[in-house]
Amino acid sequence: MTPMDRARSLRWLADETFDLLVIGGGITGAGVAREASLRGFKVALVEQADFASGTSSRSTKLIHGGLRYLNRLELKLVAEAVRERQLLLKMAPHLVEATPFLFPVYRGDPETLLALRAGLAIYDVFARLQAPVPHRILNAPAVLQREPQVRWDGLVGGAVYTDSRTDDGRLTLAVLQSAHNAGTTLANYVAAEAFLHARDGQVMGAHVTDTVSGNQLEVRATRVLCAAGPWADELRRMDEPGTRPVLRLTQGVHLSVPSHRLALSHAVVMRSHDAERRTMFAIPHGSYTYLGTTDTDYVGRPEAACVQEGDVAYILAAANGTFPGAQLTETDIASTWVGLRPLVRPRRRTSPSAVSRDYQLFRNPSGLVSVGGGKLTAFRAMADHIVNELMPGSRSAHSRGASLAALPGADGQQPTAEEWNRLARATGAAPAQLREWCGSYGSHLGEVAAQLPAKLSGDAGLDWHRAMTRYAVKCEMAQRLEDVYRRRTGLQLFSRDNGCGWLEPLADEMASLLGWSAERRRDEISRTRTAIDRMFTFRVDSLTPEEPAYVSERGGIYQ
């Protein structure tokens with residue numbers, strides 16, 4: 001894999017004229033850039049913050065068809081998502097893991113066992129009967145045998161079926177790496193400030209600012225796609241002031257708790273306790289179990305979204321209703337995250353959960369094309385459709401095959417049990433813990449191991465996270481300490497004390513590689529600590545007046 005070189009990308013952005021400029025480095029922009037590059041087009045991609053820093057690292061981390069969409073007869077959406085799930089299991093087995101799901105059914109639930117049986121039968125047909133484990137309908141004792149902690153009162157039965165989990169941030173990064181390998185010129189922390197227009201008013205690129213250095217440049221392109229997720233309306237108005245919004249933002253909150261407080265062998269479907277009775281999940285993730293998600297309307301700046309006390313109460317009520325013995329409280333929460341869904345605004349007034357997750361393209365008179373909606377699971381199929389729209393007739397048998405090729409990390413032999421055990425012994429780590437830290441690197445595990453300190457400290461966790469930090473800077477374009485904590489590794493969400501104990505040594509690693517000043521290093525530690533604190537704003541005493549306020553990703557320019 002060719003390392004992503006930000007300095008070289010910035011030079012090319014300024015010097016080249018591209019067939020397509022993609023604004024937005026989430027999963028949608030990444031997928032489109034990859035697909036267009038695989039078809040032979042010269043593509044540029046810029047992201048105002050870090051790659052996947054918006055919705056694409058803040059999802060429920062599932063690759064799934066969306067069983068609940070069958071109730072709304074969105075058969076096309078579900079069929080596409082299930083087919084893409086099966087493809088991703090082959091394209092990225094290190095990132096997409098088949099997972100058993102348990103769906104308990106209680107008296108009075110919206111779905112009966114008969115309806116669930118019918119829905120899962122359709123689900124398996126959409127998977128062309130290739131699901132790792134076809135669904136099974138269970139009676140109440142069989143449900144309790146599989147997950148003894150679920151509530152037994154009113155339980156009439158349930159079902160077990162297969163969907164998949166992922167690391168959404170690293171999946172987006174793998175797609176970007178694939179796009180880079182196919183020729184895409186890409187850079188993070190490059191914010192679009194204004195659009196370039198030809199004399200006839202047609203868009204022909206963008207004025208952008210490198211928010212790391214403060215340098216400004218022009219990126220010229222024949223076509224421009226806005227794939228900015230929750231920021232899409234803002235960019236559309238920047239091109240055409242006064243244009244009506246096309247998005248309806250809804251907020252999804254998630255909580256994680258240590259697995260010793262809620263240990264599960266399946267992902268379990270939960271239900272909210274309000275009138276809507278919407279489905280949520282409890283999903284095991286290594287040493288943690290995460291819970292979610294909410295679905296409420298959001299109004300405000302996307303970067304200002306945070307977890308509120310009501311969100312926490314809503315999720316804990318569903319979890320304790322499903323697992324009454326757990327008696328989870330706010331003090332059990334190890335981390336939180338919130339993502340905004342950039343859904344297409346419906347014509348009729350409806351609840352947030354009823355808004356379609358399908359995508360739609362919008363065209364400004366200038367020729368700027370924007371994307372609204374979409375699902376993480378179907379990013380590849382969505383990219384295929386979008387490039388067909390932007391570059392008609394460009395699809396070929398060769399590009400189709402390339403689109404289905406393995407993503408980085410799946411393009412070589414996966415680590416064997418013997419290799420995991422050898423690396424664990426050599427570094428003093430438990431094999432299971434090492435897999436939890438590094439399982440998402442796949443065939444690139446050896447490249448990460450090559451970054452281990454020459455002299456091990458005796459703290460295996462710190463040594464491996466030093467290696468991952470070095471790899472993130474050298475190969476994955478990490479520019480901020482928060483990039484490592486939040487998206488390159490699981491430190492912020494899935495580690496003891498959210499990685500606070502390692503802020504200093506990991507900042508040292510990045511400072512050495514990126515040439516940070518002492519002031520920059522201190523600021524990076526402060527920013528990351530603030531980001532960690534922001535996960536707990538629902539706790540009245542979580543922030544003190546002396547702590548710094550949140551800084552927008554567009555702020556903080558360093559020379």
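Here, each number is a calculation from the coordinates, and none is a lab measurement. As the structure is a prediction and not an experimental result, all values here were calculated from the model. Note that we place each Cβ from the backbone using ideal geometry, even for glycine, and neighbour counts take in every protein chain shown.
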Exercise. Under 21 Å Cα-Cα from residue 76, which lysines qualify once same-chain neighbours fewer than 8 residues away are excluded?
Worked result: 375
Exercise. Expressed as a rounded percentage, what relative contact order does the chain have, with Cα pairs under 8 Å and six or more residues apart?
Worked result: 19 percent
Exercise. What does the highest-first list of 72-84, 485-497 look like by mean Cβ count within 10 Å?
Worked result: 485-497, 72-84
Exercise. So if we plug the beta-carbon distance of residue 309 and residue 363 into 1/(1 + (r/R0)^6) with R0 = 41 Å, what FRET efficiency do we get, rounded to 0.05?
Worked result: 0.50
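R0 = 30 Å: FRET efficiency of residue 385 with residue 217, Cβ-based, nearest 0.05?
That gives a FRET efficiency of 0.45.
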For this session: Could you work out how far the C-alpha centroid of the range 192-222 sits from that of the range 403-429, in angstrom?
Result: 41 Å
Seminar exercise, completed: Taking every DSSP bridge whose two residues both lie in the chain, the antiparallel percent to the nearest 5 is 75 percent
Problem set entry | Value of D in µm² per second that Stokes-Einstein yields for the range 417-534, Kirkwood Rh from Cα pairs, at 10 °C (1.306 mPa s) | 110 µm²/s
For this session: Would you be so kind as to identify all helices of the chain, as entire DSSP H runs, whose Cα atoms reach 18 Å or more along the helix's own axis and whose mean Kyte-Doolittle hydropathy is at least -0.5?
Result: 75-91, 113-126, 168-181, 309-322, 460-475
Exercise. Want the number for residue 419 to residue 5: 0.36 nm per residue separation, take away the alpha-carbon distance, what's left?
Worked result: 146.1 nm
Exercise. What full-extension length gain, to one decimal in nm, is calculated for residue 193 and residue 14 as 0.36 nm per residue of separation minus the Cα-Cα distance?
Worked result: 63.0 nm
Seminar exercise, completed: Taking 124, 200, 239, 168 and counting other beta carbon atoms within 10 angstrom, the fewest-first order is 200, 124, 239, 168
Seminar exercise, completed: Relative contact order in percent for the range 417-534 (Cα pairs under 8 Å, 6+ apart) equals 20 percent
Problem set entry | Segment residue 72-residue 277, extension gain: residue separation times 0.36 nm, minus the distance between their alpha carbons | 72.3 nm
